[in-house]
1. Tell me, yes or no, whether the range 69-88 has at least one residue that is within 16 Å of the ligand (Cβ to nearest atom) and either buried (at least 17 other Cβ atoms within 10 Å of the Cβ) or part of a helix (DSSP H, G or I) (or both).
2. Residue 49 is checked against (1) modelled with pLDDT under 95; (2) closer than 26 Å to residue 177 by Cβ and fails just one. What number does that condition carry?
3. Residues that are farther than 24 Å from residue 92 by Cα and within 16 Å of the ligand (Cβ to nearest atom): find the strands (runs of 3 or more DSSP E) completely inside the range 125-200 holding 2 or more of those.
4. With (1) surrounded by fewer than 20 Cβ atoms within 10 Å (Cβ to Cβ); (2) over 15 Å from the mean Cα position of the chain (by Cα); (3) modelled with pLDDT of 95 or more as the list, and residue 233 as the residue in question, which single condition is left unmet?
5. Any residue at all in the range 9-20 that's at pLDDT 95 or above and assigned to a helix (DSSP H, G or I)?
Ligand SMILES: [Fe+2]
């Protein structure tokens, strides 16, 4: 993901003249994040997901998470430099929500690809074997993910993950924008499906199961297989 480095100019603007120890803090800088480009056009996933949804989802929703995440990081940086523990603590929920939103959506875009680029093609290679071993078949896995995604109360995500400790595939859900790592440090996301209403409402209204039925037509199993092979070797 794209990164750019900014420095806390606020301290300098406020008349703060850094001494050698403070310069260490300043020289560390603050990494901020930017909206990643998609590798396909907004309309390229139709009819499974409409171009209107994709454009809003990427340009408005994901962008808002990025903007608010950067804002929270800048405030955190400032609070730490001032020794303001109350503000540091207060910022944790924004960092989890907006940082999680950025992490999750960055994965989600890679999990999708147009049918003409292989969207929906069953996984080849070792991921295909692992799915058969751990779930019985790809159809059984798709049914499990769709069922758990439909049953998730409120907003959240349903995941196919590799548990590196147990060395097996697992299906997990996370509420809100919690990233998968909050369910366990050994979990590597292979596939994450956004079940927030903003991901489907314009096209599927309130019928989340229909969205979860059609999204498989544009799932990028090749990408999931690449991550699986890299992380399981
Ligand atoms: Fe989303």
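1. The answer is yes, given that some residue of the range 69-88 is within 16 Å of the ligand (Cβ to nearest atom) and either buried (at least 17 other Cβ atoms within 10 Å of the Cβ) or part of a helix (DSSP H, G or I) (or both).
2. (1)
3. In the range 125-200, 187-194 are the strands (runs of 3 or more DSSP E) which contain 2 or more residues that are farther than 24 Å from residue 92 by Cα and within 16 Å of the ligand (Cβ to nearest atom).
4. Looking at each condition in turn, residue 233 falls short on (3).
5. No; the residues of the range 9-20 include none that is at pLDDT 95 or above and assigned to a helix (DSSP H, G or I).
The values are calculated or read from the model by the stated rules, or taken from the named source; none is laboratory data. Everything numeric here is computed off the predicted structure, so don't read it as measured data. We place every Cβ from the backbone using ideal geometry, glycine too, and count neighbours over all the protein chains shown.
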